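Read the structure below first, then the notes.
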Amino acid sequence: VGLTVSLLANQISPRGLKLARDYFPKSALPTGQTPREPNAVAVLRPPENGQTRSPLFERLLGKGLQPIEHATVAELFRASPAGVIFVDARSDERYHAGHVPGAYQFDPYRMERYLPEVLPACLMAERSIVYCGGGDCEDSESSAILLSQAGVPLNRLFVYAGGFAEWVTNGLPVELGPRGSGQLRTPSP
């Protein structure tokens, strides 16, 4: 009875999940293609003095994605090049509570709602930087894979693994409310 009520409620709800959709895509790579090193854009410094790459770096590369480190993200934001956009892969509540100024929202669990606005922006951008909460959050990876499957070239798609937590920790500006609201604040690190 509980399962029937749950399935019926999911069907009726405007926020209901599509039961046939894969909400956790595994890779951005076409079947049979092997991962490669990041493109010529210096997005991560290579390991030094015999250090190994982090497991997160290896996981992103294994999925065909390009990780990008905080220093590069901050530099791109401060330079404000026209060809760089940010894509926030968090829920409505978290996005409206604060996001990278000018970032597009793309909740991977509600992809159909956001794709019509985000996809054209990503297709026109030289670089699309996707982020989520950071740390153990994998929504930026899922979002990047979904965007690549929608047609965004992998060589222009980057995952900021440090995410919003690292952004705030480093005292960078945060926009409140919807994209372009102009309500900015600078968090204290």
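Considering region 55-86, and only residues there that are among the small types (Gly, Ala, Ser) and touching a residue at least 40 places away in the same chain (Cβ under 8 Å), the residue that is nearest to LEU123 (Cα to Cα) turns out to be GLY83. Of the residues making up region 87-105, just one is farther than 17 Å from GLY177 by Cβ and not in a strand (DSSP E or B), namely ALA89.
Please go through region 119-141 and give me each residue that is buried (at least 23 other Cβ atoms within 10 Å of the Cβ) and in contact (Cβ under 8 Å) with a residue 60 or more places away in the chain, ordered by number. Within region 119-141, ILE129, GLU141 qualify. Quick check on PRO116: is it assigned to a loop (DSSP other than H, G, I, E, B), surrounded by fewer than 21 Cβ atoms within 10 Å (Cβ to Cβ) and either out of contact with any Leu (no Cβ under 8 Å at 6 or more places or on another chain) or modelled with pLDDT of 95 or more (or both)? When the stated conditions are applied, PRO116 does not pass them.
Candidates in region 160-189 are the residues that are assigned to a loop (DSSP other than H, G, I, E, B) and under 16 Å from the mean Cα position of the chain (by Cα); of these, the one that is surrounded by the most Cβ atoms within 10 Å (Cβ to Cβ) is ALA161. Checking the structure you have, find out if any residue of region 29-50 is crowded, with 17+ Cβ neighbours inside 10 Å, modelled with pLDDT under 80 and more than 21 Å from GLY133 (Cα to Cα). Looking through region 29-50, at least one residue is crowded, with 17+ Cβ neighbours inside 10 Å, modelled with pLDDT under 80 and more than 21 Å from GLY133 (Cα to Cα).
Among (1) in a helix (DSSP H, G or I); (2) at pLDDT below 95; (3) closer than 24 Å to GLU58 by Cβ, which single condition is ASP136 missing? Unmet condition: (1). The residue of region 144-159 that is surrounded by the fewest Cβ atoms within 10 Å (Cβ to Cβ), among those that are part of a loop (DSSP other than H, G, I, E, B) and of a type in the set (A, V, I, L, M), is ALA150.
The values are calculated or read from the model by the stated rules, or taken from the named source; none is laboratory data. Since the structure is predicted, the reported quantities are computational estimates derived from the model, not experimental observations. All Cβ positions, even for glycine, are placed from backbone atoms using ideal geometry, and neighbour counts span all protein chains on display.
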